[in-house]
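J.: Dumping the structure here so I can ask a few things about it.
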Amino acid sequence: MIYLDHNATTPLDPRVQDKMTEFMREHFGNPSSLYPIGRAVKEIITEERDTIAKALGAKRTEIFFTGSGTESDNFAIRGIVDAMPEKNEFITSEIEHPAVIETANYLERKGLKVTFVPVDQQGMIDMARLREAISPKTALISIMHANNELGTIQPIREVVNLAKEYNVLVHTDAVQSFGKIDVDVDTLGVDLLSVSAHKIYGPKGIGALYIRKGTNILPLIYGGHQERLMRAGTENTIGIVGFGEAVGIMMEQGDRDKNRIENLAGMLKSGIEENIPKAIFNGHEQKRIKGTLNFSFPGLEAEAILLSLATKDIYVSTGSACSEDSEEASHVLSAIGLRPEIARSSIRISLGRFNKEEDIHVVLKELPEIVKKLREISALDINES
């Protein structure tokens, strides 16, 4: 199997699995219990929280565990907006993950003014339009750090500097950037930041939200005293342990992974551009997560390419895993100006820790042949696309 869909999810690192298995064998106590077996689990949670905080350049008390990156996004946006009833405007971009887009739609249905700021043809946010959108009534700006379909990295520090002029808070969804490039909350300057374990070779069902100290935000879930009263419910202790271990491994070997993945992706990108006529690269050439490649193949349907590759045990995607069932063209590719038929011909290839050079050679052997054969039976002339 050649797995090239790491932006959707990553395989569990065997070291993470071993750590989780060991924890499950030795610990079952409730971390809220005062007796020793509960306190032992509480101490482990604290250690893992410390690890994640260190990776983000944050304080331990600024890290709140959640059930996913989507939950973290909801927590950040709804928690801030609900804490500021005097402000009724929210700003985001046109290319956000559905976790943010659908939360924005929910706020709009509640009567808030929501502005979706456009992006250019490379997926970069229009800063002039962002400035026009901000007003004294703006509660929050949420702009993703790196796009999940294109890999384009947004100028979050510039967004924060602009927001500060108006005393507006900023949240960034860093689910696709954490573990791939440096993510430091003080360098970015954000007030809130979302991350997820299953994008960095950790388990599914566990995420975290960074909330800068002093930020006024309402709880996500009411009940017990867990997560300092901000998210009630017994903690996902096994997930937290896996998350912490995944982050620890990331901190230890992240630079080596990054360099190797970028080299492999560079080989693949060059090979596709050299061997497949009319292939269109989507995204920013420089300011992007290099391990993410998005290509359009005019004249074809992406699903046909995906399924043909799958017969060779090569796995890619047509975009966000959260939108794979949709028959509509990707909202991200539409936002950068691709016509629907071009957007629907696009596949996303995202590389990861366990990919090898041999994988690239196999893909560059199979993909051009698949595209050629599919085009031979396609009714659409690619020269007209």
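J.: Along the positive direction of the dipole of the chain (beta-carbon charges: Lys, Arg +1; Asp, Glu -1; about the Cα centre), which of LEU162, SER93, GLY291 reaches farthest?
T.: LEU162
J.: Across region 127-144, in residue order, what do the Karplus-derived ³J(HN,Hα) couplings come to in whole Hz, using 6.51 cos²θ - 1.76 cosθ + 1.60 with θ = phi - 60° and x for Gly and Pro?
T.: Running phi through 6.51 cos²θ - 1.76 cosθ + 1.60 with θ = phi - 60° gives 5, 5, 5, 5, 4, 5, 7, 6, 8, x, 8, 6, 8, 7, 10, 10, 10, 5 Hz.
J.: Could you tell me the number of lysine pairs in region 14-249 with C-alpha atoms less than 19 Å from each other, where the two lysines are 8 or more residues apart or belong to different chains?
T.: 19
J.: Are there trypsin sites (Lys or Arg not before Pro) in region 185-221 that DSSP marks as loop and that have at most 10 other Cβ atoms within 10 Å, and which are they?
T.: Here the trypsin sites (Lys or Arg not before Pro) that fit, given the DSSP loop and packing criteria, are LYS213.
J.: Note down the magnitude of the dipole of region 1-123 about its Cα centre, charges +1 on Lys and Arg C-beta and -1 on Asp and Glu C-beta and zero elsewhere, to the nearest 20 debye.
T.: Here region 1-123 has a charge dipole of around 440 debye.
J.: Let me ask something else. Can you list the lysines whose alpha carbon is less than 16 Å from that of LYS372, not counting same-chain residues fewer than 8 positions off?
T.: Partners within reach: LYS278, LYS312.
J.: Contact order normalised by length for the chain, with contacts defined as Cα pairs under 8 Å and 6 or more residues apart; what percent is it?
T.: Result for the chain is 22 percent.
J.: What list of ³J(HN,Hα) values in whole Hz, one per residue of region 267-281 in order, does the Karplus curve 6.51 cos²θ - 1.76 cosθ + 1.60 (θ = phi - 60°) give from phi, with Gly and Pro shown as x?
T.: Coupling constants for region 267-281: 4, 5, 4, 4, x, 5, 5, 7, 10, 10, x, 6, 5, 10, 7 Hz.
J.: Also: Using modelled amide H (1.01 Å from N, peptide plane; none on Pro or chain starts), what sits under 5 Å from the amide H of THR66, excluding residues fewer than 5 places away?
T.: Amide H neighbours of THR66, under 5 Å, 5+ apart: GLY207, ALA208, LEU209.
J.: A follow-up question, please. Between VAL117 and residues 5 or more places away or on another chain, which pairs have amide H atoms under 5 Å apart, with H built 1.01 Å from N, and which residues are they?
T.: THR92, SER93, GLU94
J.: Another question, if that's okay. Once phi is turned into θ = phi - 60°, what whole-Hz ³J(HN,Hα) does the Karplus curve with 6.51, -1.76 and 1.60 give for every residue of region 107-122, x standing for Gly and Pro?
T.: Once rounded to whole Hz, the list reads 5, 5, 5, 7, x, 6, 7, 10, 10, 9, 6, x, 10, 8, 5, 9.
J.: So which chymotrypsin sites (Phe, Trp or Tyr not before Pro) in region 191-274 end up in coil per DSSP with only 13 or fewer other C-beta atoms within 10 Å?
T.: Of the chymotrypsin sites (Phe, Trp or Tyr not before Pro), the ones in loops of region 191-274 whose Cβ has at most 13 other Cβ atoms within 10 Å are TYR222.
J.: 222 nm [θ] for the chain, helices only, -39500 (n - 2.57) per DSSP H run of 4+, per residue, to 500?
T.: -13500 deg cm²/dmol
Read-outs throughout are calculated quantities, based only on the coordinates presented, and are distinct from any laboratory measurement. All of these numbers come straight from a predicted model, not from anything done at the bench. With ideal geometry, Cβ positions are generated from the backbone for all residues, glycine too; neighbour counts draw on all protein chains shown.
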